[in-house]
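Only one structure is covered here, and it is reproduced in the block below.
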Amino acid sequence: MKRVIVFFIGMMLLITECYAINYREKARKLKFSNGEILEEYVVNQIKMGEIYSLNENNPYFDKALLYKLKYETDRDICWLLRKSKTILPENIGEINWNIENKKFLVASNENIIVKIATIKNEGYVESEEIAVIDKKTDTVIPEEILESVSEFYKMAKNNNYPESEKFDEDMLKKSLTQVVHYKSGRVQLISGSFFVQKYMHDRSYIKDIDKDLEDMNKKLDENLEELTLKSMIDEAGKIEYLILAEKLNKNITDGEKKQIEKLEKKATKVFNKLTEKLRNAMKKDYDKLEGK
């Protein structure tokens, strides 16, 4: 008798599990009323959730800055995105699909959970009861935040934004279109997508760069308008390439290497200062437009 009961329970569990699997597979293919497939929506929400979780303090998730970024030049957008040091994960890993309390379709990866309630069997998702949860903090990420993250992500991809490295050196190297050297080994000409080109004399520019950074730092202590700060991006871009040119010299000495390292640290501080002041000026201008 016990064997029969155990067999019966086992069969019921198997049938229930088969039903759940079948239901999950059907549910993933359902559509919202706008035609978007549920599975595609979930994958996107998990990705946006991961971007927010990894970059929670990213200032560009602010709607004011996002609005302002839409009207900036490609050059300014590239600069601001590079300096944001945003991590954009492309591989979100395996997604697990489950049914919870016979009401929620739950999709999750290692870091994010998406819960969707009341899925109808009429070929589309009717419910607006959707939650995106950060596993790390066990909190729901607000919908308006996810919308801002999505807008930022599209802007970043449209501007070919990759993850920035220390001093953006790897990115700058990838952006180079031409490097010409003198016979001495020093760089004669350097050009790239972030800065048109720079002809250089056959000498060290380390002292020049240091002075340019000092001058820029002092200028940033003034009460500068947004347009002035934007014009300084060109100057900052030139300095970045000058530092890179020094590093690309073929006969660089140990003493020069140490000097360049100091320049990189100084440049990072000054450029962060420029970026922060520009962000604040952009938000101030947005507030004026909004009548605040």
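The values are calculated or read from the model by the stated rules, or taken from the named source; none is laboratory data. Computed from a prediction, not measured in an experiment: that's the story for all the values here. When we count neighbours, we look across all protein chains shown, and the Cβ atoms used for this are built from the backbone with ideal geometry, even at glycine. With ligands, DNA and RNA removed, areas are computed over all heavy atoms of the protein, side chains included. Shrake-Rupley method; radii C 1.70, N 1.55, O 1.52, S 1.80 Å.
Quick rundown of the values:
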read-out	value
Out of Ile233, Ile243, Ile252, sole residue that is hydrophobic (A, V, I, L, M, F, W, C) and at pLDDT 90 or above	Ile243
Residues of region 81-110 classified as part of a loop (DSSP other than H, G, I, E, B) and within 22 Å of Lys68 (Cβ to Cβ), total	3
Close pairs from region 97-114: first open to solvent by less than 70 Å² (accessible area, probe 1.4 Å), partner charged (D, E, K, R) and not in a loop (DSSP other than H, G, I, E, B), Cβ under 6 Å, at least 6 apart	Trp97/Arg24; Phe104/Lys115; Val106/Glu100; Val106/Lys115; Asn111/Glu50; Ile112/Glu50
Meets criteria (modelled with pLDDT under 80, part of a helix (DSSP H, G or I) and open to solvent by 40 Å² or more (accessible area, probe 1.4 Å)) for Arg75	yes
Pair list, Cβ under 7 Å, 6 or more apart: region 144-156 residue polar (S, T, N, Q), other residue open to solvent by 20 Å² or more (accessible area, probe 1.4 Å)	Ser148/Lys63
In region 71-106, the residues that are among the β-branched types (Val, Ile, Thr) and more than 20 Å from Tyr52 (Cα to Cα)	Thr73, Ile99
Unmet criterion (only one of (1) more than 29 Å from the chain's Cα centre (by Cα); (2) aliphatic (A, V, I, L, M); (3) at pLDDT 70 or above) for Ile116	(1)
Filtered residues of region 48-89 (kept if without any contact (Cβ under 8 Å) to a residue 60 or more places away in the chain and within 23 Å of Ile130 (Cβ to Cβ))	Leu54, Asn55, Glu56, Pro89
